[in-house]
Amino acid sequence: MDSPFSPSATSRSSRPRTLSIGGATYDLFVRTDQSVVHEHEGKKMFSLPLGDKIRVNDVISTFGGGASNTSVGLSRLGCTASFCGVVGDDQWGTTLLKHLADERVQTDMATVVENEASSFSLVLSAGNGERVILTHPGTARHLHDVTFDREQAGHFDAVFLNHIHAESCVIEDDLIDTFVQNPSIHLSWNPGGCQIESGLREKNNALLVSHTAVLFLNKEEALAFTGTRTVKEALNILSRAGATIVCITDGPNGSFATDGKTYFHCPAGDCTVVDATGAGDAFGTGVTWAVLTGKDLPTALQAGTINAMSVVSVIGAEEGLLTETQMQLSLKRSNLTVTAEPF
């Protein structure tokens, strides 16, 4: 695979053609206050007694899902973005496709399933980023080898593989074939639940890692995926497994990354967290855009962090996603200091 910093990568069009694979959801945020949050055995949780009528502060409809978030984010950052996923023919699916079109995301690789509900999430939010997500996968499980066009996927400069439903893991064989036949395609990958559970020992997971330009995991996912106990151990294993760049996020502790030569750390930055939904997707989008446009890894980590900070400062996974002009200005003004040490 070409390094993301090779001449072939940095000389790509200023508008890379990107394909985001995964889910799109219609999200309904129900905002309450701290009166419904209680601590039990050291863990905060929502408390909603049966039979009670609980007043809410606000109800907001938004959009989410990994592929929706990353395709919208890449489109705003100047890429020619496409969405590959499945929605229903219900009002939610129609609204989701219109939203993507309004964001200049191409949907010719989207599949519409008749007589089934689109993916839907009810997000209970108590402020300060605290929330519980009640989700129904809906049509997301129908993303499989019948609805995935391997040949068309091979025509993109970059693929962002987001969390996918367990039943959708069957497309991994087609994806691997696509990357084998088109080794110049940049792959950004954020493994999902079924992949995290099976781990790096699973053959297809190991093959996908070996073709990945930028691998994204949070700390808990990274440790589970690799069977390690520290972030540094996970970075080492994943880098040696073939990922060109590995990024591991750790909430308020910031992000950690390696390109196989150097370890990097970027602080989380200082912002007021209103809602943490979509922070990981925003980070991955910012890093991917930076790498595709030839920026170095420290700058890419800053871009991902800046994008995530913007998203968590508002309600919803996509409202705060930055445009390219906003990102460039934010990078110039950024006081985020990325530290480095030898690999």
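Could you please give the count of residues in the range 79-97 that are within 21 Å of Trp289 (Cα to Cα) and open to solvent by 10 Å² or more (accessible area, probe 1.4 Å)?
Selection size over the range 79-97: 1.
Being over 27 Å from Val273 (Cβ atoms), among the small types (Gly, Ala, Ser) and open to solvent by 40 Å² or more (accessible area, probe 1.4 Å) narrows it down to one of Ala110, Ala117, so name that one.
Ala117
Just one of (1) within 20 Å of the chain's Cα centre (by Cα); (2) open to solvent by 10 Å² or more (accessible area, probe 1.4 Å) trips up Leu208, so point out which.
(2)
Taking Ser334 as meeting all but one of (1) within 23 Å of Leu161 (Cβ to Cβ); (2) in contact with a helix residue (DSSP H, G or I) (Cβ under 7 Å, 6 or more places away or on another chain); (3) not hydrophobic (A, V, I, L, M, F, W, C), write down the number of the exception.
(1)
Can you name every residue in the range 163-205 that is within 17 Å of Gly242 (Cα to Cα), open to solvent by 40 Å² or more (accessible area, probe 1.4 Å) and aliphatic (A, V, I, L, M)?
Within the range 163-205, Val180 is the sole residue that qualifies.
Against the definition (hydrophobic (A, V, I, L, M, F, W, C) and under 26 Å from Leu175 (Cβ atoms)), how does Ala81 come out, yes or no?
yes
For Gly284, indicate whether it is under 17 Å from Trp189 (Cβ atoms) and touching a residue at least 40 places away in the same chain (Cβ under 8 Å).
For Gly284, the condition - under 17 Å from Trp189 (Cβ atoms) and touching a residue at least 40 places away in the same chain (Cβ under 8 Å) - is met.
Suppose we filter the range 222-262 for residues that are in contact with a Gly (Cβ under 7 Å, 6 or more places away or on another chain) and at positive phi; how many remain?
Total satisfying the criteria: 1.
Just the residues that are small (Gly, Ala, Ser) and part of a helix (DSSP H, G or I), please, taken from the range 70-93.
Across the range 70-93, the qualifying residues are Ser71, Gly73, Ser75, Gly93.
Being modelled with pLDDT of 95 or more and either surrounded by fewer than 18 Cβ atoms within 10 Å (Cβ to Cβ) or in a loop (DSSP other than H, G, I, E, B) (or both) is true for just one of Ala257, Ala243. Which residue is that?
Sole residue among the options that is modelled with pLDDT of 95 or more and either surrounded by fewer than 18 Cβ atoms within 10 Å (Cβ to Cβ) or in a loop (DSSP other than H, G, I, E, B) (or both): Ala243.
Yes/no matrix, rows are residues, columns are (1) aliphatic (A, V, I, L, M); (2) touching a Leu at 6+ places or on another chain (Cβ under 8 Å):
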{"site": "Gly294", "(1), (2)": "no, no"}
{"site": "Pro298", "(1), (2)": "no, no"}
{"site": "Ile306", "(1), (2)": "yes, yes"}
{"site": "Val312", "(1), (2)": "yes, no"}
{"site": "Met327", "(1), (2)": "yes, yes"}
{"site": "Thr337", "(1), (2)": "no, no"}
{"site": "Pro342", "(1), (2)": "no, no"}
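For residues that are open to solvent by 50 Å² or more (accessible area, probe 1.4 Å) and outside any strand (DSSP E or B), tally how many sit in the range 16-43.
Of the residues in the range 16-43, 5 are open to solvent by 50 Å² or more (accessible area, probe 1.4 Å) and outside any strand (DSSP E or B).
Given the criteria open to solvent by 20 Å² or more (accessible area, probe 1.4 Å) and either touching a residue at least 60 places away in the same chain (Cβ under 8 Å) or not in a helix (DSSP H, G or I) (or both), does Ile237 qualify?
No; evaluated as a whole, the condition is false for this residue.
For the range 138-156: of the residues being surrounded by 19 or more Cβ atoms within 10 Å (Cβ to Cβ) and of a type outside the set (Val, Ile, Thr), which is nearest to Ser68 (Cα to Cα)?
Looking only at the range 138-156, we keep the residues that are surrounded by 19 or more Cβ atoms within 10 Å (Cβ to Cβ), and these are 138-140, 142-143, 148, 153, 156.
Next, only the ones that are of a type outside the set (Val, Ile, Thr) stay: 138, 140, 142-143, 148, 153, 156.
Numbers: Gly138: 15, Ala140: 12, His142: 16, Leu143: 14, Phe148: 16, Ala153: 17, Phe156: 17 Å.
The selected residue is Ala140.
Tell me, which residue of the range 50-76 that is open to solvent by 40 Å² or more (accessible area, probe 1.4 Å) and either touching a helix residue (DSSP H, G or I) at 6+ places or on another chain (Cβ under 8 Å) or of a type in the set (A, V, I, L, M, F, W, C) (or both) is farthest from Phe160 (Cα to Cα)?
Leu50
The values are calculated or read from the model by the stated rules, or taken from the named source; none is laboratory data. Not measured: the values here are computed from a predicted model. Heads up, the Cβs are rebuilt from the backbone with ideal geometry, glycines too, and the neighbour counts pull from every protein chain shown. We work out accessible area using only protein heavy atoms, side chains counted, and drop any ligands, DNA or RNA first. Shrake-Rupley method; radii C 1.70, N 1.55, O 1.52, S 1.80 Å.
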